[in-house]
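The values are calculated or read from the model by the stated rules, or taken from the named source; none is laboratory data. Keep in mind that this is a model prediction, so the values were computed, not measured. Backbone-built Cβ (ideal geometry, glycine too); neighbour counts: all protein chains shown.
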Amino acid sequence: MSVKVCKFGGTSLADGNNISKVAEIILSDPSRKYAVVSAPGKRFSDDIKVTDLLYTCYKESVETGDCSETFAKIRQRFHSIISELELQFDIDSILDRTEKEIEENKDADFTASRGEFLNACIVAVKLGWEFVDAKEIIFFDKNGSFDEKKSYPLIERRLAKAKNAVIPGFYGTGADGRIKTFSRGGSDISGSIIARAVNAEIYENWTDVSGFLACDPRIVYKPEKIEVISFKELRELSYMGANVLHADAIFPVRKGDIPIVIKNTFRPEDAGTLILPSKKYTPHGNIVTGVAGKKDFTVIYLEKSLMNSEIGFARRALSILEREKINFEHMPSGIDTLSLVIESKYLKNGTLEKLVEEMREELSPDYIRVLEDIALVATVGHGMAANIGTSARLFGALSAAGVNVRMIDQGSSELNIIVGIDNADYEKCVRAIYKEFFGDKNGK
Ligand code: ADP
Ligand code: ASP
Ligand code: MG
C-alpha cells in the first residue's frame, strides 16, 4: 500500500479545536500512516508560540534557576488543549517532569524540543496511534548535520513495526547523546526525513495557507497561488525568505524523488501546491514563478585594478571570512570588483570593522566600501532564462517604482535574479516585481 507522510505546523495544532481538524484529516485517508507534528503555534496574531515560551524558560533557568512563571503559561496551553479535546490523559505528570528537567538541564535545544514532544504525545492519544520519539530515530553527526547513514535504517526498522505513528518534529539526538534541534521551522525537515526513510508516495506539508504563493501574502494582498513548482525553484524561494517550507526540507525528499504537497489544514479541499523533482516538472507558461526576499544584509564591496589577473584574490578574501567563521550569502563579481554579501547579524560588536581592516591589510584593494541595511529580493523562475528581456522588465519596473538598485546578482543557474536594495525599499520592491510579472489584479 502506498504511504503518505503528513506534517502539521504550529498554527494547525495551536489549540484543541485545530487538533480535532487535524485528526479528521489524518484519519480520512488510511494511507496517511505517519504524522509529524510541530509544537502549538499562535492562536491569534499577538499570541506566543510554545517554542518561544520554551526559549524564555531556558533563559530564566540559566539566569535564576527558576522558570515556573513562564512554564505556567505552557502548562495552561496544554491543559486547555487536553480539555478541548476531552481526553483522559494525565499530562500533568509529564509536565511536572519536563519543568524539572528544563530547570536542571539548562540546555537550550532540549528545552525548545519539549513543545513538539508534548504535542506529539497528545496527538498520538487523540488518534489512538503509537508515539515514536524522534530522539530514538533521528541522529546528528559530530558536525551537527543530519546523520543519514545512521538515521534512515533506524527509522525504517522502527516504523516498520508500527502500523501508524506520531513523531515529534524539530529534534533528534546529537553526537554527544543529547537532544539537538534543527533551526527554527525545522519540523518541515523532520517530516521530509521520515518521508524519505519510508519511501513515501508523497510528503504532505499541512499549514495555514492553501499553498505556496507567488510572494509573501503579508506584502501583496492575495498573491497568485503557485500550482506546481520545481524543487530547484522552491529551494531558491524558501532560502530567500519564503519560509512556508524550511529551505533545507527539500534535500531528504529530493534524494528519493518524493513530491511534496503544501496543503491548508483550514481548507483541506483546496488543491495546494505540488512541488516536483525537476525531472518530473514541465515548466508552466509563467516567466517568473515567485518573488521572495530578506532584510538586513551588509555588502562589502572591493575594487582593485587587474583583480581578475591577481591569482587567489577571491580565495584570500574568502579565507578572511573563514578565519572569522562568517558565512557569506552571495559573491557577485566583475572584472575588477568583488562584493561579499553577509547577513548583518554576524557583523555586530566590531566584527564588521575588524573584517574591513583585515581586508584592507591583506588584500590591498584600491577601494573598499560597506553598504549596510540592505535587503535582497530574488525573482525566481525556470522561464526567465528563455525569455529575452526579463531583466529589462525587472529593472524597468524597479526604476518606475523609484527603487534604487544597489547590487545585482544573477545566479549561475539562470533561475534567479537577485537585487540588493535599501531595507526601506523592501516592500516597494517586492510589490513592483510582483505587479510587473503577475499584473496588478492583486497588487496592494
Ligand atoms: P507552519 O507553522 O505551518 O510551519 P509557517 O508559519 O512556517 O507555517 O509558514 C506558513 C506561513 O508562511 C504563512 O502563514 C505565510 O504568512 C508565510 N509566507 C511567507 N511567504 C509565503 C509565500 N510565498 N507563500 C505562502 N505563504 C508564505
Ligand atoms: N516549533 C519549532 C519552531 O517554532 C519548529 C517548527 O515549528 O517547525 O521553530
Ligand atoms: Mg513552518
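Condition check ((1) within 16 Å of ligand 1 (Cβ to nearest atom); (2) in contact with a strand residue (DSSP E or B) (Cβ under 9 Å, 6 or more places away or on another chain); (3) within 14 Å of Val37 (Cβ to Cβ); (4) outside any helix (DSSP H, G or I)) across all residues:
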position	(1), (2), (3), (4)
Ser151	no, yes, no, no
Leu154	no, yes, no, no
Arg157	no, no, no, no
Gly177	no, no, no, yes
Lys180	no, yes, no, yes
Ser190	yes, yes, yes, no
Ile194	yes, yes, yes, no
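Quick one: in segment 1-21, which of the residues that are outside any strand (DSSP E or B) and buried (at least 23 other Cβ atoms within 10 Å of the Cβ) is farthest from the chain's Cα centre (by Cα)? Among those residues, the one meeting the criterion is Ile19. When you look at Leu306, is it without any contact (Cβ under 8 Å) to a residue 60 or more places away in the chain and over 27 Å from Asn404 (Cβ atoms), yes or no? When the stated conditions are applied, Leu306 passes them. The residue list Ala242, Ala247 contains one member that is within 16 Å of ligand 2 (Cβ to nearest atom), surrounded by fewer than 22 Cβ atoms within 10 Å (Cβ to Cβ) and either within 30 Å of Asn164 (Cβ to Cβ) or within 17 Å of the chain's Cα centre (by Cα) (or both), which is Ala247. Thr111 satisfies every condition listed in (1) within 16 Å of ligand 1 (Cβ to nearest atom); (2) over 23 Å from Leu85 (Cα atoms); (3) polar (S, T, N, Q) except (1).
With respect to (1) of a type in the set (Val, Ile, Thr); (2) closer than 24 Å to Gly128 by Cα; (3) surrounded by 23 or more Cβ atoms within 10 Å (Cβ to Cβ), the lone exception for Ile202 is condition (3).
Of everything in segment 243-260, what is aliphatic (A, V, I, L, M), part of a loop (DSSP other than H, G, I, E, B) and more than 11 Å from ligand 3 (Cβ to nearest atom)? Give them in sequence order. Within segment 243-260, just Ile258 meets the criteria. Would segment 399-406 turn up any residue that is within 23 Å of Ile326 (Cα to Cα) and at pLDDT below 95? Yes, the conditions are met somewhere in segment 399-406.
Only residues in segment 255-277 that are under 12 Å from Val228 (Cβ atoms) count as the first member; pair them with residues that are acidic (Asp, Glu) and surrounded by 19 or more Cβ atoms within 10 Å (Cβ to Cβ), Cβ under 6 angstrom, at least 6 apart or cross-chain, and list the lot. The qualifying pairs are Val261/Glu204.
Taking first residues from segment 42-65 that are small (Gly, Ala, Ser) and partners that are not in a helix (DSSP H, G or I), the Cβ contacts under 7 Å between residues at least 6 apart in sequence or on separate chains come to Ser61/Cys67; Ser61/Lys106.
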